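Reviewing the structure listed below.
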Amino acid sequence: MPLTVTGTVIRILPEVTGQGRNGTWRKREFVIETGDQYPKQICMVQWGDEIDAAALRDGEAVTAHIDIASREYNGKWYTDVKAWKIERGADGDEVPAPLPAKKKADLNEFDSVDDDLPF
């Protein structure tokens, strides 16, 4: 069952590295806020090369494909939300480039247009 979460990146936490029995590892957590009626903030983790592949930025809309896993350690349970794929844009498309700023001359281009609209 594929799980996805769509929202806006509101925080990118510092990358953490360490040594394990299989060598060096690295992870980075980030938080997205959903656009639901009651928005939720969800902290997710990326591991290894996925960090570089996603190249997340604060404020961008993303769809994260996630796996959720829990593990027990010393009688306590810990849950990870692992983002294994990130797509740009709220609907999974690439984020469109920002529109260029209008020049002052462009702002008044409709001032001289004669129309029949009552407003």
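The values are calculated or read from the model by the stated rules, or taken from the named source; none is laboratory data. As the structure is a computational prediction, the values presented were derived from the model and not from experiment. Virtual Cβ from ideal backbone geometry, glycine too; neighbours counted across all protein chains shown.
Miscellaneous remarks
Condition check ((1) in a loop (DSSP other than H, G, I, E, B); (2) over 23 Å from Tyr78 (Cβ atoms)) across all residues:
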site: Val5; (1), (2): no, no
site: Pro14; (1), (2): yes, no
site: Thr17; (1), (2): no, no
site: Val31; (1), (2): no, no
site: Met44; (1), (2): no, no
site: Glu50; (1), (2): no, no
site: Val62; (1), (2): no, yes
site: Ile66; (1), (2): no, no
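- Count of residues meeting criterion [at pLDDT 55 or above, surrounded by fewer than 10 Cβ atoms within 10 Å (Cβ to Cβ) and within 23 Å of Arg28 (Cα to Cα)] in the range 73-108: 5
- For the condition hydroxyl-bearing (Ser, Thr, Tyr) and touching a residue at least 60 places away in the same chain (Cβ under 8 Å), Thr17 does not qualify.
- Taking the numbered list (1) buried (at least 16 other Cβ atoms within 10 Å of the Cβ); (2) at pLDDT below 95 in turn, Asp49 passes all entries but (1).
- In the range 72-92, the residues that are farther than 24 Å from Asp52 by Cβ form Cβ pairs under 8 Å with partners that are modelled with pLDDT of 95 or more and of a type in the set (Asp, Glu), at six or more places apart or across chains, as follows: Tyr78/Glu72.
- Looking across the range 52-72 at every residue that is among the aliphatic types (A, V, I, L, M) and surrounded by fewer than 17 Cβ atoms within 10 Å (Cβ to Cβ), the one that is farthest from the chain's Cα centre (by Cα) is identified as Ala69.
- Close pairs from the range 28-57: first within 13 Å of Ile86 (Cβ to Cβ), partner surrounded by 12 or more Cβ atoms within 10 Å (Cβ to Cβ) and among the polar types (S, T, N, Q), Cβ under 6 Å, at least 6 apart: Arg28/Gln46
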